[in-house]
Amino acid sequence: MRENRDVSPTRQSSPARTAAARTTSGPARRTRTPAVDPACAEAVDLARTAAEETARPAPVGEHLGLRAEGDRVVTHYFEALDPAYTGWRWAVTVARAARAKIVTVSECVLLPGDDALLAPEWVPWLERLRPGDLGPGDLLPTAPDDVRLAPGYAQVDESVEREAQWELGLGRVRVLSREGRDEAAARWYDGVAGPRAPIAASAPAQCSTCGFYVPLAGGLRQMFGVCANEYAPDDGRVVSADHGCGAHSEAVNLPAASEHNPPVIDELGYDVVVSAGEEAGALDDEALGHS
């Protein structure tokens, strides 16, 4: 009687197909832990010498251990005794070639440990800037996509501003007179918010061309406005239209103050100019009969 030896479909699959299925759908492949090379592990003195040469004149502390980085590659760790690098350690990587007995130093670096004192996370200058940090001569570039600015064609219409100025009821009992307005204008213009302020003298452009400049209403509109840039020293204050500071919205895009071409010298046609001394000498020669 013949024995029935039917094999299941799983057993009939080829080894290559089984390996491919195990690679795609099975667990992740295990990475082989490199073995510690005995010759590299014994090269503690070589690694210490490299660390001492790099750390000189600071001393190098005791050996903290080692770690295998790969085949015939080992990193030795030494304590850093420099007071400026408390908690750091010297990492010296040594290696040797295949079938070679000589161990050489690959690299030597200073690495932070678990208790190392590290510098705080670096923050860009524009994010570290705070209102009031801007001084005379300083420039604060404005990003092209600054949400505080909008294209010029999107400016609010003046009719909307007039509606916002309408007062409920009968309005104020008294308003600013012409004399009061002129005195305020003269005081503002001659003060720190005018064109003669030190910060305005070194500004790249005037406030009237700045996107953060909000003109005043009424008769003062032509000469004064309010600064709306929180990083500017005049934020929330009245400034003259010809005032300025380094926080101008177009500071990085403004042309240079002078764009004239270099002087052109005509070397073909020129006039000879006789100095006063040469002219006097010529008159003396004529008086003596010299031509």
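Just so it is clear, none of the values below were taken in a lab; they were calculated from the coordinates. Only a predicted model underlies this, so the values are computations on that prediction, with no experimental measurement involved. Positions of Cβ are generated from backbone atoms using ideal geometry, with glycine treated the same way; all protein chains shown enter the neighbour counts.
Each residue of segment 40-55 was assigned a 3J(HN,Hα) from its phi angle through the Karplus curve 6.51 cos²θ - 1.76 cosθ + 1.60 (θ = phi - 60°); the sequence is 6, 5, 7, 8, 6, 5, 4, 5, 5, 4, 5, 5, 5, 5, 6, 7 Hz, with glycine and proline shown as x. Using the Karplus relation 6.51 cos²θ - 1.76 cosθ + 1.60 with θ = phi - 60°, the per-residue 3J(HN,Hα) values for segment 194-208 come to x, x, 9, 6, x, 6, 6, 5, 9, 6, x, 7, 8, 5, 5 Hz, with x marking Gly and Pro.
Segment 74-121 and segment 169-244 have their alpha-carbon centroids 61 Å apart. Between amide H atoms placed 1.01 Å from N, distances below 5 Å from Val73 occur with Asp37, all of them 5 or more places distant or on a separate chain. Backbone amide hydrogens, once placed in the peptide plane, bring Val226 within less than 5 Å of Val214, Leu216, Val239, excluding anything fewer than 5 places away on its chain.
Segment 74-155 has equivalent-ellipsoid semi-axes of 51, 20, 11 Å, by the square roots of 5 times the alpha carbon gyration tensor eigenvalues, sorted largest first. Distance between the 7 Å Cα→Cβ label points at Leu118 and Asp71: 3.4 nm. If R0 equals 22 Å, the separation of the Cβ atoms of Ala97 and Val44 corresponds to a calculated FRET efficiency of about 0.65. Residue by residue, segment 110-116 carries 3J(HN,Hα) couplings of 9, 10, x, x, 5, 9, 6 Hz when phi is fed to the Karplus relation 6.51 cos²θ - 1.76 cosθ + 1.60 (θ = phi - 60°); x denotes Gly or Pro.
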